[in-house]
Amino acid sequence: MKQHYKSWGLYPPAKHKNVIKLHWISDIPDLSRIETLVLPYGLGRSYGDNCLNNDNTLLDTSGISRFIEFDKKSGIIKCEAGVSFAKILKVIVPNGWFFPVTPGTKFVTVGGAIANDVHGKNHHTAGTFGKHIISFELLKSSGKKYICSATKNTELYKATIGGMGLTGLILWAQFKLKPINNAYIDAETIKFKNLDEFFELSEKSSKEYEYIVSWIDCTSRGKNFGRGLFFRGNHSSLDKSELPQPKPPKRLPFPFTAPAFLLNRFTLKIANAVIYRSQLKKHTKGIKHYDPFFYPLDSILNWNRMYGKRGFFQYQCVVPYTDGGTAIRQILECISKSGKGSFLAVLKTMGSVSSPGILSFPREGVTLALDFANHGEKTRKLFADLDEIVKSVGGALYPCKDACMSPEMFRFSYAEWKNFNKYIDPKFSSSLWRRVNKEKE
Amino acid sequence: MKNILVIGATSAIAQTFIERMAVGDNKLFLVARDKDKLSTIKNDLRIKKNINITTFILDVNDHNNYDSMFNTAKSYLGRIDILLMAHGTLPDQKECEEKVETAVFEFGINALSIIVLCLKAAKIFEDQKFGLLAVITSVAGDRGRQSNYIYGSAKGAVNIFLQGLRNRLTKYGVSVLTVKPGFVDTPMTAHLPKNLLFSKPEVIAKGIVKAINKNKSKEIYLPGYWRIIMFIIKSIPGKIFNKLSL
C-alpha cells in the first residue's frame, strides 16, 4: 500500500526522503528534529511542484481532518487544516450554508486553499478564499504557535494566505460561510462567437450573476477564433418542494494512463468543436445541482491520467484588462498557432476585491487557464513566448499551477517576494520555492 | 439502534470503526486516555453526524478506575450491545529485553489490562444474556518472532484468554469476536517502513463491522489473506524457523 506523493500534473517527478503523516493537531512531531526541510502536503491538487519537496520531507496533512466548531446560526466554521472541501460540503449544505469561495475541485484541503489563496467563479464579487478567513493557527518549526487574523499577528496572516505552505504548518482555520436556500444553482449557458462577445457578456453579467466562468476553444482560428461557452449562475431561491429530486453523483474513474499520442492537433480540434457544438441553442437556462456546476471534472476521478505518463502542465496567467483584451487575444493566438493546448481552457474576468495575502495570485483583469500535454522543450518554448506577453502588460502566473516559470518571471509576478522572505519558516521549503529562487548559473 | 462502548477510542482503527457506527439512533460511549484527542473526536462526530456521544477518560494502567468506567457506561447506554477494545501499544522489543520494567509495563497494557477489562465486561454480558465483545489483537500472537515477541506474547495470551471466554459466554448468547489484523498503517506503526502487506485502518474497521453485523463469535483475520500467511508461518518447522530473522 505504498503511497506515491505526486502533484496533479504528474510532473515533475519527485522523490521524498520521508513522508510524515500527521494525525492529531495536539500531537504534531517536533519539526525542528526532522533532518531535512519540510512542506505540508494536502490532497496534491497543485499541478506542478508547489506541493512537492524533492529530496526532502512532506508532512501529509490529510489525517488532521476534523471539524472543531460549526455555528449553524452564524455560519462560522472551524476545522483542522486537512479537511477537504468535499467533506465540508456534506456538513454545511444540508444546513443551508455554502463556501464563500470555492475552486473548481472539491478535493482540496482547507490548508491548501489558504496556502494557494484559491479563487473561484465568484472572484468578481467575493474575491479569494483568503479574504473570508477569520483566523487560523500556525505552527512554526520552533514549536511556537501563532493564532493569526486580520488583527492578530497580522503580518504572518498576510504572508500565510497565498504563502504556498512556506510560513509554517496551518493547524486549523476558521471561516465564514454564505447562506443558501438549497443545493441548486440557476445556471445559464451562452455561446459566444468571439472574444468581443465574451467581454461584452462578462461586462453585462458581472453585476447580476454571482458565478461566471467560460470555456474557450483554444484551437480555433480564423473566423471561429475566440469562440466558447459562457456559464453564469446564482444560487437558486426556490423552496425545497419545487426542486428536482437529487440524483446521486456518478463517479467514473479514468481507468488508465492514456498513451500520449491520443492527444494531438487533430483530436484536439475535434474535441473542442464537439464541446462548442454540444449546445445547439445560443442561450440555455436550467437548474443545476451545485456539484456538476462547480466541480464538473470531479466526476471523472484521476482525469489527469489522460495526458499520458509524461504528465502535463497547466498555464494560468492573469493580465490586466485595460487595453480591450489585446494581451489575452495575443496569448490565445500564440496558443492556437502552436496547435497545442487542450479542451480544458478556462477564461474569466477577475474583480477588484483585494486579498489580504501578499503573495496572492488573483488581481483585477482577465485570467486564462489551460492544460498542455508535456512535450518537453517545445512546450517550454511556447510558455516562454506566453510569458513575454504576460510580462509586457504587467500580468502574473499562478504558482500552484506552475512547473516551469523562471525566477525572473516569479519575481516579476510577485513584487512582494522580498518582503515575503522574512516570514518563511527556515525549516520549510518546496521544490517550487527552490526553483524560483535559483540564482542564474 | 445499537449501544456501543469503545475502549481505546483514539486508536486509528477505532476511529474509523466509530465513524461507521455513528449513524441513525446508535449511542456511543467512547473511552480513551488522552483528554484532548477524545474531545477532538467528540466534536468532530457531533458536527458531522449529529449523534449522541459520551466520553470517559481512562488510563488502562489504572485498574481501580475500571468499575467506575463500566458503571458510567451502563448508566448512559443502558444495555451494552457492542463492546470494542482497541487500545494497545507497539513496544520496542530491544528496550523490553534490556529493561524488565518496560517489558512488564508493555505486557500490562497489551495483555493484562484487556484481560481484566474483559473479565469485568463478561459479568455485565452474562447478566444481560446478550451482546458482543470484540477485541483487536494481532496476527503477531500466532507465533513468537524475535523482532516482537513481547508484543506477540501479549496478543497471544489475549487470543487464548478469549477462546476461554467465548467458551464460557456462548451459553449466555454472548458473542466473543477476536480480531487479528495484519500490518496496519496507523500512528502505532508510523516508524516502520511500509510495504504491500500494510492495510489502511478503514479496511480493518470495515471487516470488524461486517463481522459484528453477522454476530460472529470466533477468530477472524483482517484482511482475510492473513489466515493463509499465518498458516504458512505457523507451519514452518522450528528447526528452520529459528534460523530465520523474522
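What follows is calculated from the coordinates using simple rules that are stated; it is not laboratory data. Quantities reported herein were computed from a predicted structural model and do not represent experimental measurements. Positions of Cβ are generated from backbone atoms using ideal geometry, with glycine treated the same way; all protein chains shown enter the neighbour counts.
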Across all Cα atoms of region A:70-183, Rg and the largest Cα-Cα distance (Dmax), in Å, are 13.6, 45
Exposure-ranked with fewest Cβ neighbours within 10 Å first, A:M164, A:M350 stand as A:M350, A:M164
Nearest-0.05 FRET efficiency for A:D196 and A:K15 at R0 = 56 Å, using Cβ-Cβ distance, is 0.70
Fewest to most Cβ atoms within 10 Å: B:T89, A:T105 sort as B:T89, A:T105
Listed by chain and number, the aspartates and glutamates with an alpha carbon less than 16 angstrom from that of B:K74, same-chain partners under 8 positions apart left out, are B:E126, B:D127
Taking only the alpha-carbon atoms of region B:3-241, the convex hull volume per residue, in cubic angstrom, is 131 Å³
Fewest to most Cβ atoms within 10 Å: A:E439, A:E137, A:E80, A:E197 sort as A:E439, A:E197, A:E137, A:E80
Residues other than B:A32 with Cβ under 11 Å of its Cβ, Lys/Arg counted +1 and Asp/Glu -1, net out at +1
tail above 23 Å in the computed P(r) of region A:184-406, as % of all Cα-Cα pairs, reads 51 percent
Between B:I236 and A:W417, the two model label points (7 Å from Cα along the beta-carbon direction) sit apart by a distance in nm of 5.6 nm
Here FRET efficiency (C-beta to C-beta, A:T322 to A:R265, R₀ 25 Å, nearest 0.05) is 0.15
Ranking A:S236, A:T267, A:S392 by how far each Cα lies towards the positive end of the charge dipole of region A:184-406 (+1 on Lys and Arg Cβ, -1 on Asp and Glu Cβ), the top one is A:T267
Length gained if B:R227 through B:N195 is fully extended, taking 0.36 nm per residue and subtracting the Cα-Cα distance, is 9.7 nm
Exposed trypsin sites (Lys or Arg not before Pro) being those in a DSSP loop with at most 14 other Cβ atoms within 10 Å, the longest stretch of chain B free of them is B:1-78
Within the set A:A271, A:A327, A:A113, GNM on chain A using Cα springs under 10 Å gives the largest fluctuation to A:A271
Candidates B:S147, B:S113, B:S39; GNM for chain B (alpha-carbon contacts under 10 Å) flags as most fluctuating B:S147
Working note, the protein assembly as shown: Cα radius of gyration (Å, one decimal) and Dmax (Å, whole number) are 28.3, 86
Between A:R310 and B:T72, the two model label points (7 Å from Cα along the beta-carbon direction) sit apart by a distance in nm of 6.3 nm
When chain B is treated as a Gaussian network with springs between alpha carbons less than 10 Å apart, the largest mean-square fluctuation among B:I80, B:I208, B:I229 is found at B:I229
Computed on Cα atoms, the radius of gyration and Dmax of region B:56-152 in angstrom are 15.4, 46
Once B:K214 and B:E101 are pulled to full extension, the length gained, defined as 0.36 nm per residue separation minus their Cα-Cα distance, is 36.6 nm
Between A:K152 and A:I275, the two model label points (7 Å from Cα along the beta-carbon direction) sit apart by a distance in nm of 4.4 nm
Taking a label point 7 Å from the Cα of B:T54 along Cα-to-Cβ, the residues of region B:1-35 whose backbone nitrogen sits under 16 Å from it are B:2-7, B:26-32
The rounded separation in angstrom of the Cα centers of region A:367-383 and region A:190-214 is 26 Å
For peptide B:34-47, the mean count of other chain Cβ atoms within 10 Å per residue Cβ is 4
